[in-house]
Amino acid sequence: MPREIHLNAFDMNCVGHIQQGLWTHPRDRSSRFGDLQYWVDFARQLEAGLFDGIFFADVLGVYDVYAASADAALRNAVQVPVNDPTLLIPAMAAATRHLGFGVTCNLIYEQPFLFARRMSTLDHLTGGRVGWNIVTGYLDSAARAIGMTGQMAHDDRYDLADEYMSLVYKLWEGSWEDDAVLHDRERGIYADPAKVHAVHHSGPQYKVDAMHLCAPSPQRTPLLYQAGASTRGRQFAATHAECIFVNGQSKAGVKSIVDDVRARAVSLGRAADDVKVFLGATIVTGRTDQQAQEKYAEYRRYVSSEGSLVHAAASLGIDFSRYDLDEPIETAQSQAIVSNVEAMNRTAGPQWTKRKLLEQMVLGSRQAPLVGSAQHVADTLVAWSEEAGVDGFNLSRTVTPECFEDFIGLVVPILQERGVYKTSYREGTYREKLFGHAHLPATHTAAQYRVPSATTPAR
């Protein structure tokens, strides 16, 4: 039986997300990002296309590595200005019944007690359709914004994250028993105090002595996304993540990451199919290859090379303004996205240059676009699923909304005809739709924090 392909739209509450410069295209509508109706219409469009969810990226700082200034980021709208994505979710959820909402929240700068309440609230308001993309950040500008002199070292951030996760699991899974809420009008008892437990946590980074403020939400713990591909990030993902977001230029490279993370998960007592992998993809399509190529050539005219370098400089931790086009670039140890530097060294070699980097960023990002007819795109997505073991794709926007109109109108019907894409939604929460159970399974590390008398089903 063919593997079912899952789809997320990959977006951000800003003008310029991944493909830098395409906001200048005359048909692009991303400058309406501050208009709530724009997002409501987008949610309805995605649900009409049976997308599993929208995956919101987010950053808490500005891209100021390039030329040691945020000026170029501001000129090119490189993920600034950027608004809070969590505030969009209730309105988008009210306009849909099935669409899931994965939202990026940086745990380094979030107090766990307050964050746990916010996510439980969103899970209640969406009927169990919220997910959390767990990130530890990579911008010094974000650290400075909250009073730190700079961000923590890469592996130290993951050490802090492990403690953070144990604390929010205690709040989500172990504070309220499933039957704590009685809502007994006759006796005037809303909740049974014996079934609500304070969390006592005292660790290196956090101390909490309080009960969770929210009654159990439909999923309790939100669906868990994670995007770390470094060695430390993979171990964290194998421990915590249900869905993993990866990028890669070769099927062999992606398959090695997929296999490694799943093997690590199995070694921790989880099942291999407890982890789904979503590959980042940028797609330009049409009814024919010629139409797609013509659209691709048109889009390329609006790419911002400076904006592309600004984004790459921040994610790689390298100031490209200091280098000539063909000058070898030093890749000293960076505290930014370590896996990005490792990937560049693999694809361009240790002596790569700014020219080589720009040659890769044909649509304003380091993600190579898939360009071709709808049939070609469908064939390629199926091949990735079968050969690399990925479960789905996070589709980056190019020119919006037409890029999703093209995909939904042209590619989705072909995937459905081939039996690899759903023709209707399953009922249930975000987790139920993807995994068949509303709560985290008993094999997940969060299960250890459940109170013994809780009646949460194992799967």
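Placing +1 at every Lys and Arg Cβ and -1 at every Asp and Glu Cβ, with all other atoms neutral, what dipole size does the chain have around its Cα centre, in debye to the nearest 20? Numbers along the way, then the final one.
Numbers: 44 positive and 53 negative charges, 68 e Å.
Value, rounded to 20: 320 debye.
When only the heavy atoms of the protein chains count and the probe is 1.4 Å, how do 316, 114 rank by accessible area, highest first? Let's see the in-between values first.
Values: 316 0, 114 95 Å².
The ranking, largest first, comes out as 114, 316.
Mind checking the full-extension length gain between residue 356 and residue 121? Use 0.36 nm per residue of separation minus the Cα-Cα distance, one decimal, nm. Mind showing how you got there, number by number?
Details: separation 235, 0.36 × 235 = 84.60 nm, distance 4.62 nm.
Length gained, residue 356 through residue 121: 80.0 nm.
For the chain: lysine pairs with Cα atoms under 14 Å, gap of 8 or more or different chains, count? It would help to have the intermediate numbers written out before the result.
Working: 170/207; 255/276; 276/433; 422/433.
Here the count comes out as 4.
Would you mind telling me the share, in percent, of accessible area of region 243-332 contributed by carbon and sulfur at probe 1.4 angstrom? Don't skip to the answer; put the middle values down first.
Working: 1860 of 3990 Å².
Accessible surface attributable to carbon and sulfur in region 243-332 totals 47 percent.
Starting from the Cα gyration tensor of region 96-248, multiply each eigenvalue by 5, take the square root, and state the resulting semi-axes largest first in whole Å.
Numbers: eigenvalues 186, 71, 35 Å².
Equivalent-ellipsoid dimensions as semi-axes: 30, 19, 13 Å.
Short version: ³J(HN,Hα) in whole Hz for each residue of region 100-113, in order, from phi by Karplus 6.51 cos²θ - 1.76 cosθ + 1.60 (θ = phi - 60°), x for Gly and Pro, what are they?
x, 9, x, 10, 7, 9, 7, 5, 4, 10, 10, 5, x, 5
Please give the solvent-accessible surface of residue 144 in Å², to the nearest 10, using a probe radius of 1.4 Å with every protein chain present.
Rounded to the nearest 10, the figure is 120 Å².
Taking the C-alpha atoms of the chain, how large are the radius of gyration and the largest Cα-Cα span, Dmax, in Å?
Radius of gyration, then largest Cα-Cα span, for the chain: 22.0, 79 Å.
Given H placed 1.01 Å from N in the peptide plane, which residues other than close sequence neighbours of residue 245 have an amide H under 5 Å from its amide H?
226, 227, 278
Could you compute the net charge surrounding residue 323? Neighbours are other residues with a C-beta less than 15 Å from the C-beta of residue 323; K and R count +1, D and E count -1. Write out the running numbers ahead of the final one.
Details: positive: 322, 354, 355, 356; negative: 306, 319, 324, 326, 327, 330, 359.
Local charge sum for residue 323: -3.
Which FRET efficiency value, to the nearest 0.05, do you get for residue 95 and residue 330 by plugging their Cβ-Cβ distance into 1/(1 + (r/R0)^6) with R0 = 45 Å?
Details: r = 49 Å, r/R0 = 1.09.
Calculated transfer efficiency: 0.40.
Quick one: order 282, 121 from most to least accessible surface, probe 1.4 Å. Before the final figure, lay out each step's value.
Numbers: 282 0, 121 55 Å².
Putting 282, 121 in descending order of accessible area: 121, 282.
As an exercise, use a Förster radius of 35 Å and the Cβ-Cβ distance of residue 114 and residue 417 to find the FRET efficiency, rounded to the nearest 0.05.
Working: r = 47 Å, r/R0 = 1.35.
For R0 = 35 Å, the calculated efficiency reads 0.15.
Just grab the label-to-label distance for residue 4 and residue 163, each label 7 Å out from Cα along the Cβ direction, in nm (one decimal).
4.0
When the convex hull of the Cα atoms of region 76-169 is projected onto a plane and the area is averaged over all directions, what value comes out in nm²? Provide the component values of the computation, followed by the final result.
Details: hull surface 29.1 nm².
Average projection, Cα convex hull of region 76-169: 7.3 nm².
Could you tell me which of 254, 243, 309 has its Cα farthest along the dipole of the chain towards the positive end, charges placed at Cβ (Lys, Arg +1; Asp, Glu -1), taken about the Cα centre?
Most positive-ward Cα: 243.
For residue 74 and residue 383 in the same chain, what is the full-extension length gain: residue separation times 0.36 nm, less their Cα-Cα distance, in nm? Please report the intermediate quantities before stating the final value.
Values: separation 309, 0.36 × 309 = 111.24 nm, distance 3.90 nm.
107.3 nm is the gain from fully extending residue 74 to residue 383.
Gap in Å between the Cα centre of region 172-223 and the Cα centre of region 16-52?
Taking the Cα centre of each part, region 16-52 and region 172-223 sit 38 Å apart.
Computed FRET efficiency, Cβ-Cβ of residue 437 and residue 207, R0 41 Å: what is it to the nearest 0.05? All intermediate terms of the calculation are to be shown ahead of the outcome.
Values: r = 33 Å, r/R0 = 0.80.
E(calc), rounded to 0.05, equals 0.80.
Enter the accessible area of residue 255 (Å², nearest 10), with the probe set to 1.4 Å and all protein chains included.
Taking all protein chains as shown, residue 255 has close to 80 Å².
The values are calculated or read from the model by the stated rules, or taken from the named source; none is laboratory data. Just so you know, these numbers come straight off a predicted model, no measurement behind them. Cβ sites come from the backbone with ideal geometry, for glycine too, and all protein chains shown count toward neighbours. Just the protein is used for accessible areas: all its heavy atoms, side chains included, with ligands, DNA and RNA removed. Shrake-Rupley method; radii C 1.70, N 1.55, O 1.52, S 1.80 Å.
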